[in-house]
Amino acid sequence: MASFKTVMKSGHPPTLFAAFLYFDFCFAIWVLNGAMGPFITETFKLSPAQTGFMISLPILAGALMRFPLGVLAQYIGRKNAAITEMSVIMLAMAYGYLFVSSYNDVLAMGVLLGIAGASFGVALSLGSGWFPPEHKGLAMGIAGAGNSGTVLAVLFAPPLAQAYGWQTTYAFAGVVMLLPLAIMIVLAKEPPDCEHQTFKEHVSCLFTKDGWAFSLIYVITFGGFIGLSNFLPTFFYEQFAVTKVEAGRLTMLAAFMGSGIRIVGGYFADRMGGIAVLSVVLLAAIATLLSLTATPSLALTTILFMLCFAALGAGNGALFQLVPLRWPSNTAVAGSMIGEIGALGGAILPNVMGLSKQYTGSFSSGFVGYAAFTAVVLGCLALWQRKWVGSWVGPRGKALGTAVETEQGRLRPATA
């Protein structure tokens, strides 16, 4: 096994660090309304369904913005796209501080928070672009661990909201964005792995079966992570009558597991194969989701969520070990497309949980439905891998020793 030091020497660590920080702070802003959900719900006396919709709107908006930003990054560069996005985010936070005063304003702010959620494909492609194929899983895992921004949001937003008002929290978020923006400008270098392609070639992943297969898996792994991490503060607050700040801290434990294990998932995917790791973590997710339907104690529920988030986080890392192997020359676009569909799945989950609580009096139906969907996707993965292995990826999802050669002499993966 290559040591961590060897892996870092094979790429450009300052760019990887800048990409991680960019994604981390953007992710924190993306989930702000979820972290402050109990405060917003109390202010406007929202029903469970209204709360679910309010929490899901930033996820939905961010999902829809991911693919356009990924395409833009192929033309202006990933570093320039990141700098532009962070600048716009700071303006959006100023709007939140100055003008949000009603439920409709909160919904409008949810759309603006979605700008931060668009960062995914650009961050991962920028961070991993300097690294060779055999180390891209770990590099993408490190960049993707920026979803630990959820931890920052649920740890700091509730105390700030309680002390200064939840609208003021938007202002704090806008100010702290100066840190990743400055580091991106100073440290990051545009990777050399971007080929000059036509628009049709850039968006070719939209028209392959593999692109949609990856997206469906990501609906489970990342959709579950973002959907549950946004909804958990409300879940803990309503299910166990803890304080708003305690609900945020409990959510932080689960979110920290999911974001940290993403690196481990990418690392083991490089060595054991992304397909093998995905199969294991999907089984683990099914088991923990079904266990949550029994409505155990607060302590056991927290542990089960931590295990569930660990499985989902490892799945995120494993899936994105496969993406640059399948689309080596337009990873930003492919990653953005997959991230977009996956995040859309996350937007559905808070609505499902809210409706389940409103109409059945329990969250259990939401957990059962999500577990059943995961089981279906796991079965599909067993069928898909038969076509993938030997075509563009090695046994169990490891990198092939050689790529397929085109007539023009360029390296590319086999097409679906």
How do the pairs read when you match residues in the range 255-280 that are farther than 18 Å from Ile226 by Cβ with residues anywhere that are open to solvent by 40 Å² or more (accessible area, probe 1.4 Å), using Cβ under 6 Å and keeping only pairs 6 or more apart or on different chains?
Gly273/Arg396; Gly273/Lys398; Ile275/Gln385; Ile275/Arg396; Ala276/Arg396; Val277/Phe268
Is it the case that some residue within the range 245-255 is of a type outside the set (Phe, Trp, Tyr) and closer than 30 Å to Trp384 by Cα?
yes
Report whether or not Gly346 is under 18 Å from Gln50 (Cα atoms), under 18 Å from the mean Cα position of the chain (by Cα) and not β-branched (Val, Ile, Thr).
yes
Quickly run through the range 149-167 and pick out the residues that are closer than 12 Å to Arg262 by Cβ and surrounded by fewer than 23 Cβ atoms within 10 Å (Cβ to Cβ).
none
The residue from Leu181, Leu232, Leu187, Leu228 that alone is open to solvent by 40 Å² or more (accessible area, probe 1.4 Å) and at pLDDT 90 or above is Leu187
Test Val242 against the criterion of being β-branched (Val, Ile, Thr), open to solvent by 10 Å² or more (accessible area, probe 1.4 Å) and not in a helix (DSSP H, G or I), and give yes or no.
yes
How many of the residues in the range 255-305 are among the aliphatic types (A, V, I, L, M), open to solvent by 50 Å² or more (accessible area, probe 1.4 Å) and part of a helix (DSSP H, G or I)?
12
When the range 295-334 is checked residue by residue, the ones that are free of Cβ contacts under 8 Å to residues at least 12 places away in the same chain and small (Gly, Ala, Ser) are Ser297, Ala299
Breaking point among (1) modelled with pLDDT of 90 or more; (2) in contact with a Leu (Cβ under 7 Å, 6 or more places away or on another chain); (3) surrounded by 17 or more Cβ atoms within 10 Å (Cβ to Cβ), for Gly394
(3)
Scanning the range 312-327 for residues that are among the small types (Gly, Ala, Ser) and at pLDDT 90 or above, which turns out nearest to the chain's Cα centre (by Cα)?
Gly313
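The values are calculated or read from the model by the stated rules, or taken from the named source; none is laboratory data. All values derive from a computational prediction rather than experimental measurement. Every residue, glycine among them, receives a Cβ derived from its backbone with ideal geometry; neighbour counts consider all protein chains shown. Accessible surface is based on the protein model in full, side chains and every heavy atom, while ligands, DNA and RNA are left aside. Shrake-Rupley method; radii C 1.70, N 1.55, O 1.52, S 1.80 Å.
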